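Working notes, beginning with the structure itself.
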Amino acid sequence: MDSNVKVKTVKPKKKARRCSNRILRLLILLLFCFIAYTLIRIAREPVSTVTVRYGSMEDKIDVNGLILRNETVINSPAQGIISYAVREGERVNKGARVATVFEGKVDKDLQRRIVGVNERLQRLQRHEIKEELIIGDIVQIENTIAKTVESVIDATYREDTEKVLTYKNDLERILLQRAKEMGEEVPDTDKAEQLLQEKKQLESQAGYTRIDVFAPVSGVFGAEVDGLENHFDLSDFSKITPDSLQTASSLVQKNDKEDTLGETFMKMVDNYEWYYAATVDAKWVNDIQIGAYLLMRFPELSDETLDANVAYISEEVNGKVAVVLSCMLYVDNIYPARNISAEIVKKKCSGFQIPFDAIRVINVSQSGVYIAKENIALFKNIDVLYKGDEYVIVKEDNNMQNGLLLYDEVIVSGRNIEEGKILR
């Protein structure tokens, strides 16, 4: 070996120190990578929350059914023109004159004009706003005007010409009433009075025999006859089935008011109790008993909610049953109605309304939600009163241990949420 070559030796301690530094730098790099990954994941998976507020939900179904009543039909004594002596929906006593039939050969044009005046008069009277609802209350009058204007706009949008005319008549009456209440001059333009005078003049121009018609029983007068007045025996609901209701709905028709020789052309309605019959899913009524009380609404007529008693539930046919509900409450325009849609409410719950997706099941006996408080996830117990498709109603119970409170921020979405987790 050449004696001039120098061999450099590394001490063991210095070599170990260099190795440790490399490992430390690698660990620091890995730590930064982990932190960066965590931050990116949190940024990409934000936690969404909703504020706890009060709400209510209904276990209800939308159905189409028939309004059934005890009705006594009146047949025309002759062929001719009908002139009504009472208003649609007016309560009359037995023996009272309800109409007059003018029998004889009448000029076709004159007959058409008389029929037109009668129909306009009936429409005006049928939808007449009750005076007691608006007399002496300017604020209520203004509210009624606003609501009626909205109804006109809605009916116009839906191209419902008949309802547009009805609402316009109502609006005109309310505006006149408001003018009277505020002491303004009101022109003498009472439409009903004008129509009555026009009808008298037209009737005096024709030569025919006058035959008066009297009420055979006491009740509410109805000028609309649809053929279902005696279709069902209301003393025996056993004939009411899903099939019979479907058949009856197809039989509803309007009577002809020009040619009434011996035909049914008006009726007297028992105004004490009436029924609503509809076909529903058998599963929806499997926990309902005869005599139970439900809630019922007719959106086409009113936004009023009615108490109704379950009078009958038929045998199941192909997963469907016929349900008959009885009611003794009055609803505007209920007497002319027959085939109409309704909302039947089995249960109504109120409390805290939260999204269904927010519920977390810890075990069989414990469920709840996570809330965000000061960027930390906390678990809260809940007592669910009603479950819907998208929301649930939770009982408000301030005495519940670790219970949910009003205005808590409930976590709806977020991955790996757990007690004590720090949120973004």
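Across the stretch 89-97, coupling constants 3J(HN,Hα) worked out from phi with the 6.51/-1.76/1.60 Karplus curve, θ = phi - 60°, read x, 7, 7, 10, 8, 4, x, 6, 6 Hz, and Gly and Pro carry x. The overall shape of the stretch 347-424 is prolate: from the C-alpha gyration tensor, with semi-axes ordered a ≥ b ≥ c, the ratio a/c is 1.5 or greater and a/b exceeds b/c. Residues of the stretch 353-368 with backbone nitrogen within less than 20 Å of a virtual label 7 Å along the Cα-to-Cβ line of Leu406, please, listed as ranges. Within reach of a label on Leu406: 353-355. Take the Cα of Leu378, step 7 Å toward its Cβ, do the same at Asn399, and the gap between the two points is 2.2 nm.
Could you list the residues of the stretch 208-238 with an amide nitrogen less than 11 Å from a label point located 7 Å from the Cα of Asp270 in the Cα-to-C-beta direction? So the set is 233-236. A Förster radius of 60 Å combined with the Cβ-Cβ distance from Ser326 to Arg25 puts the calculated FRET efficiency at roughly 0.10.
Read the figures in this text as sums done on the coordinates, not as results from a lab. As the structure is a computational prediction, the values presented were derived from the model and not from experiment. Every residue, glycine as well, gets a Cβ built from its backbone with ideal geometry; the counts of neighbours run over all protein chains shown.
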